[in-house]
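The values are calculated or read from the model by the stated rules, or taken from the named source; none is laboratory data. Remember, it's a predicted structure, so these values are computed and weren't measured experimentally. Neighbour counts run over all protein chains shown; Cβ positions are idealised from the backbone, glycine included. The accessibility values were calculated without ligands, DNA or RNA, using every heavy atom of the protein model including side chains. Shrake-Rupley method; radii C 1.70, N 1.55, O 1.52, S 1.80 Å.
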Amino acid sequence: MMEQLSLFGNGNDLSAPLASRMRPETLADYIGQKHLLGEGKILKQILQKDQVSSMIFWGPPGVGKTTLARIIAKHTKAAFVDFSAVTSGIKEIKEIMKQAENDRQMGWKTIVFVDEIHRFNKAQQDAFLPFVEKGSIILIGATTENPSFEINSALLSRCKVFVLEALSKDDLTELLLKTLADPKGLQHMHAVMDRSLVEVIAAFANGDARTALNTLEMAVLNGEIRPDGSIVVTKQTVEQCIGKKTLLYDKNGEEHYNLISALHKSMRNSDPDAAVYWLARMLEAGEDPLYVARRLIRFASEDIGIADSQALTVAVSAYQACHFNGMPECDVNLTQAVVYLSMAPKSNALYTAYTRARTDAAVMLNEPVPLQIRNGVTELMRDLHYGEGYEYAHDTEEKVTAMKCLPESLVGKKYYEPTAQGKEAEVKKRLEELERFRKL
């Protein structure tokens, strides 16, 4: 007989890990994933209609994949089998499937939860397939990897894929405050802790509930015990537990914009030391590395542009590296990009070119496109002189003509004025040659 994990324990064993004690047992207690479990959302509707089928939960660690699977099992009154992809092989799969098939014939549902399903090889994944097809089991797999690449297409096609998001700082703050007050949590410790410190731990956990709970418990256990038996958790205790200073930072507040401004202006001033410092300030305070990378992409065109066209490639590559690696591994990728952009020759010619053109475009929206560069694709258009006078640049030896491409009212207007910095000096020289040619 296979061993099934009970969903109906009282959860009051204070010797159990905190994350286990605080594991919610109902959707009402479940925190996060509102995009799936909010009113009217798809997964909520599936549960309400008891139409649960095999599914894959894809998301980062500590966002509630296992917990949600347990809640679903309880909600549908199904047996729940927790199956590890790390410790189980095909033999174990077949034994569990045999028992599940027997239970199905008796009218009982079995939910098989497979954590880290991406760790199974093709043969192991294929072992589930006939039982999923027959309905012997409802398979719920959890993975931190893209299921499109890590799960066999035959198995994946029979599962609904739900993307679970990293928990927000507010979600984790709510969880930690509840834990401090919950008899199953840390209420018995009588911890005294400012909400601001709870929020620091929530930010440090970076979307991972398990990390948040473990850090909170560590902070309480290392707090200062008062004569009345209560425990005071100080800023110093929290800093010790998370291994770094609690930096003054709010992703939605003024300091967020102050620091990104400092990074941008340090790079603009070609000061790599200052730029790397402000980068570190942001990352160590919990800033999303993809946000920083997006700002670098903007900087590459706004402040460097044609002076070093490779700058944009470097910035985009840094964004991709951040997407692939995440923190903390991508910190060095961002550092490489920040130093490169700091040391690159600077030009804001592209930024000023668009700013000038935008100003004219905003007040001259009805300027007609010159006839010579309109596309005369029909006889009527040609009768109206569309394309008449068009000069094909490739027909000339110089690969350029004197044809006017701006509206008549803007002929001679200059938007892009290249600088003499870096590669843009060559562009400047080429543009001057073109202007002399067109005046001949």
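How do VAL233, VAL411 stack up against each other in accessible area, from largest to smallest, with a 1.4 angstrom probe? Can you show the working numbers first?
Details: VAL233 5, VAL411 65 Å².
The ranking, largest first, comes out as VAL411, VAL233.
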**Asked** When DSSP beta bridges are limited to those with both residues in the chain, what percentage is antiparallel, rounded to the nearest 5?
**Response** 10
**Prompt:** Taking a quarter of the surface of the convex hull around the Cα atoms of the range 75-202, what do you get in nm²?
**Reply:** 10.4
**Per-q log10 I(q)/I(0), the range 128-213, q = 0.18 Å⁻¹ (Debye; single scatterer per alpha-carbon; no solvent)** = -0.79
**Complete:** The Rg/Rh figure for the range 12-84, Cα atoms and Kirkwood Rh, to two decimals is 0.96
**Message:** Per DSSP helix of 4 or more residues, -39500 (n - 2.57); summed, then divided by the residues of the chain. What does that give at 222 nm, rounded to the nearest 500?
**Reply:** -14500 deg cm²/dmol
**Prompt:** Rounded to the nearest whole Å³, what is the per residue volume of the convex hull around the Cα atoms of the range 246-375?
**Reply:** 145
**Request:** Have a look at HIS190, GLN105, LEU440 and report the one farthest towards the positive end of the charge dipole of the chain, computed about the Cα centre with Cβ charges (Lys/Arg +1, Asp/Glu -1).
**Result:** GLN105
**Message:** With +1 on the Cβ of every Lys and Arg and -1 on the Cβ of every Asp and Glu, and nothing else charged, how large is the dipole of the chain about its Cα centre, in debye rounded to the nearest 20?
**Reply:** 560
**Prompt:** For the range 302-440, what is the charge dipole size about the Cα centre, in debye to the nearest 20, if Lys and Arg each add +1 at the Cβ and Asp and Glu each add -1 at the Cβ?
**Reply:** 340
**Request:** Scale the Cα Rg of the range 370-440 by the rule-of-thumb value 2.2 N^0.38 Å and send over the ratio, two decimals.
**Result:** 1.39
**Request:** Calculate, axis by axis, the spread of Cα positions in the range 280-329 along the three principal axes, and write the results as whole Å, longest axis first.
**Result:** 33, 21, 12
**Message:** Using a Gaussian network model on the chain with a 10 Å cutoff between Cα atoms, which of ALA166, ALA205, ALA154 fluctuates the most?
**Reply:** ALA154
**Prompt:** GLU367 versus SER168, label points 7 Å from Cα toward the beta carbon: distance in nm?
**Reply:** 4.4
**Prompt:** What are the extents of the Cα atoms of the range 167-323 along their three principal axes, listed from largest to smallest and rounded to whole Å?
**Reply:** 67, 25, 22
**Message:** What FRET efficiency comes out for TYR354 versus GLU398 if R0 is 22 angstrom and r is the Cβ-Cβ distance? Round to the nearest 0.05.
**Reply:** 0.20
**Prompt:** Gain in length, PHE437 to TYR416, computed as 0.36 nm per residue apart minus the alpha-carbon separation, to one decimal in nm?
**Reply:** 5.8 nm
**Prompt:** Hey, if you put +1 on the Cβ of every Lys and Arg and -1 on every Asp and Glu Cβ in the range 327-440, which of CYS330, VAL427, HIS394 ends up farthest toward the positive end of that dipole?
**Reply:** VAL427
**Asked** Normalized C-alpha radius of gyration of the range 327-427, against 2.2 N^0.38 Å?
**Response** 1.63
**Request:** Could you list the square roots of 5 times each eigenvalue of the Cα gyration tensor of the range 90-153, that is, the equivalent ellipsoid semi-axes, sorted largest first and rounded to whole Å?
**Result:** 22, 11, 10
**Item:** Backbone HN-Hα couplings from phi across the range 399-407 [Karplus 6.51/-1.76/1.60, Hz, Gly and Pro as x]
**Value:** 6, 7, 10, 8, 4, 8, 10, 8, x
**Request:** Please work out how much length the chain gains when fully extended from VAL316 to GLU145, using 0.36 nm per residue of separation minus the C-alpha to C-alpha distance, in nm with one decimal.
**Result:** 59.3 nm
**Request:** Mind giving me the FRET efficiency for ASP82 and GLU388? R0 is 51 Å, r the Cβ-Cβ distance, nearest 0.05 is fine.
**Result:** 0.10
**Request:** Please go through the residue pairs LYS346/LYS423; LYS41/LYS178; LYS404/LYS439; LYS49/LYS98; LYS77/LYS134; LYS49/LYS94 and name each one whose alpha carbons sit more than 21 Å apart in this structure.
**Result:** LYS41/LYS178; LYS49/LYS98; LYS49/LYS94
**Request:** In whole Å, largest first, what are the principal axis extents of the Cα atoms in the chain?
**Result:** 93, 64, 37
